[in-house]
2 protein chains.
Amino acid sequence: MRFLDQVRAAVRKNNSLVCVGLDPLPEKFPAHIQELNQSIFEFNKYIIDATHDLVCAYKPQVAHYHARGAEDQLQMTIEYIKDNYPDIPVILDSKRGDIGSTADQYATEAFERYGADAVTINPYMGIDTVEPFTRYEEKGTILLCRTSNPGAGAIQNLKVGDQFLYEVIAETAMKDWNHHNNIMLVVGATNPDELKRIRAITGDMTFLVPGLGAQGGDVEATVKSGLNSQGEGIIVNSSRGIIYAGNDENFAEAARAAAIELRDQVNQYR
Amino acid sequence: MRFLDQVRAAVRKNNSLVCVGLDPLPEKFPAHIQELNQSIFEFNKYIIDATHDLVCAYKPQVAHYHARGAEDQLQMTIEYIKDNYPDIPVILDSKRGDIGSTADQYATEAFERYGADAVTINPYMGIDTVEPFTRYEEKGTILLCRTSNPGAGAIQNLKVGDQFLYEVIAETAMKDWNHHNNIMLVVGATNPDELKRIRAITGDMTFLVPGLGAQGGDVEATVKSGLNSQGEGIIVNSSRGIIYAGNDENFAEAARAAAIELRDQVNQYR
């Protein structure tokens, strides 16, 4: 099934636009998890079991695994989702971007080694660095457009003629790069006005929206600015706000409660 | 020693501005190497032994290791260089870029897990995504500016006022981001005029220059446009043109010959 269809089915099945980011930081794990072998995988398993009926996607962020030589636990985590909750697609958040022959290698990593359903990509190097991913037609390619971090504007809000650079990226992705109809955009929740401008450029394109929760975005404004004409089209990611909601024996229940709260807050404005 | 001092010392010791890119593709290895356990590490070892006195740096490109689950062989390769040729710095070519807390994880990967001396970074997300790397003052942070791939211009040559986007990146990196004096730029060899414009903006800043060899840049024009006022300031990378110069039992000698040829071509115009 194509990634966008997987997402749509999961959104409807779980009545949720929430994606949980699996960004493991072992020092933040509850003590009884820290002690385990393969504590990253064990932690993720608890979070996944506690949230699988509340989400439309999972999004492991690769740096958290690379920093610790835990690529095996990343692979086990994705396999665990595929084996137990095959309806929930997995976005590999790696923000890759390199010349074509190297992008081929990254696509192999994401889609063949890990079996991810979608991947995040940096658009700065142009279409030949994006196409090795979009060529996997069933998979999703999610391009950085307007990110949620404090320093993003210094580059992404540069004026190119009468547009902002992020608008040019959105328009280029939509008009020139989306040959396989599987491109999406990363649009942060930290500025609803920008979300609205990008929505106006891209029709019903789906956005991955980080920045609610730990990064402080406003739920109502984000949802109202981001939804497409079908009342969908946003995948609202929260990582730290959900997975570190608790840090004792009840951390999984705390994560579940945080996921329910975010799901309901988002649904309230749909 | 600071990365730039390491490079300068290696340039002078080996009289070379050449960097060899370690981009292993096992299907391109000679048959007798393909058969070995840990063939990637074995291949790299031959290349390194055959070229260590001809180069100023090595640059492993991470996707080639990630695609095959060969992070251990990447680590062994870097350790092999450090143990045997400690004068030659290692650039981890990973083009990372992510929000600050994630960038911290990537910096841990590059500098602590792998012990690299420098890393390539994508600037699209802004200073807070760059600073977790530059904060390691001894290490080098090499930002993408104008890349050598065919599609780069669609984004990097957008006009921002009367400048190209890549010029704005160069100027921002130089004036606003270089607090620790350890930022460098990736500037492709495919357009010497652009190299000249970036040199004019950045004084004596060091550039990593890919695109000679397999990607087809012109050596004379590249060197003359890229050198700084000290007749240095460019690290000329070749990957495929050197490491796959031969593919039989004599592949290491072929790589050595190709490295000598590039070193001499570059030196001819210094």
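The values are calculated or read from the model by the stated rules, or taken from the named source; none is laboratory data. Quick caveat, the model's predicted, so the values are computed rather than measured. Don't worry about glycine lacking a Cβ; one is built from the backbone with ideal geometry, like all the others, and counts go over all protein chains shown.
One line per residue, one yes/no per condition, for (1) in contact (Cβ under 8 Å) with a residue 24 or more places away in the chain; (2) under 22 Å from B:His32 (Cβ atoms); (3) away from chain A (no Cβ under 14 Å):
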residue	(1), (2), (3)
B:Asn237	yes, no, no
B:Asn250	no, yes, yes
B:Ala257	no, yes, yes
B:Asp264	no, no, yes
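Scanning segment B:234-270 for residues that are within 28 Å of B:Pro192 (Cβ to Cβ) and assigned to a loop (DSSP other than H, G, I, E, B) yields B:Ser239, B:Tyr244, B:Ala245, B:Tyr269, B:Arg270.
Among the residues of segment B:171-207, those that are within 14 Å of another protein chain (Cβ to nearest Cβ) and under 17 Å from the mean Cα position of the chain (by Cα) comprise B:Leu185, B:Val186, B:Val187, B:Gly188, B:Ala189, B:Thr190.
On the given criteria, is A:Ile242 β-branched (Val, Ile, Thr), more than 14 Å from chain B (Cβ to nearest Cβ), crowded, with 22+ Cβ neighbours inside 10 Å and within 16 Å of A:Gly21 (Cβ to Cβ)? In short, yes.
If you go through segment A:116-131 and keep only what is at the interface with another protein chain (Cβ under 7 Å from one of its Cβ atoms) and either in a loop (DSSP other than H, G, I, E, B) or in contact with a helix residue (DSSP H, G or I) (Cβ under 7 Å, 6 or more places away or on another chain) (or both), you end up with A:Asn122, A:Pro123, A:Tyr124, A:Gly126, A:Ile127, A:Asp128, A:Thr129. In segment B:152-170, the residue that is nearest to the other protein chains (Cβ to nearest Cβ) out of those that are surrounded by 19 or more Cβ atoms within 10 Å (Cβ to Cβ) and of a type in the set (Gly, Ala, Ser) is B:Ala152. Pairs are defined by a Cβ separation below 6 Å, a sequence spacing of at least 6 or placement on different chains, a first member in segment A:67-78 that is at the interface with chain B (Cβ under 8 Å from one of its Cβ atoms), and a second member that is assigned to a helix (DSSP H, G or I) and acidic (Asp, Glu); the pairs so defined are A:Ala67/B:Glu109; A:Glu71/B:Glu71. Counted as qualifying within segment A:1-97 are the strands (runs of 3 or more DSSP E) with 1 or more residues that are basic (Lys, Arg) and modelled with pLDDT of 95 or more, namely A:57-60, A:91-96.
From the list B:Glu171, B:Glu167, B:Glu138, which residue is at pLDDT 95 or above, on the phi < 0 side of the Ramachandran plot and in a loop (DSSP other than H, G, I, E, B)? Walk me through it before giving the result.
Working: B:Glu171 fails: in a loop (DSSP other than H, G, I, E, B); B:Glu167 fails: in a loop (DSSP other than H, G, I, E, B).
Unique residue meeting the criteria: B:Glu138.
Is it the case that B:Leu17 is touching a Phe, Trp or Tyr at 6+ places or on another chain (Cβ under 7 Å) and crowded, with 24+ Cβ neighbours inside 10 Å? So B:Leu17 fails the test. Restricting attention to segment A:132-147, the residues that are closer than 26 Å to A:Thr222 by Cα and either out of contact with any helix residue (DSSP H, G or I) (no Cβ under 8 Å at 6 or more places or on another chain) or at the interface with chain B (Cβ under 7 Å from one of its Cβ atoms) (or both) total 3. Within segment B:94-113, the set of residues being under 16 Å from the mean Cα position of the chain (by Cα) and either over 17 Å from B:Ile183 (Cα atoms) or more than 8 Å from chain A (Cβ to nearest Cβ) (or both) comprises B:Ser94, B:Ala110, B:Phe111.
Rundown of residues vs (1) among the basic types (Lys, Arg); (2) out of contact with any strand residue (DSSP E or B) (no Cβ under 8 Å at 6 or more places or on another chain); (3) farther than 16 Å from B:Glu71 by Cα; (4) buried (at least 24 other Cβ atoms within 10 Å of the Cβ), yes/no style:
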position	(1), (2), (3), (4)
A:Ile78	no, no, yes, no
A:Ile88	no, no, yes, yes
A:Asp93	no, no, yes, yes
A:Ala103	no, no, yes, no
A:Ala110	no, no, no, yes
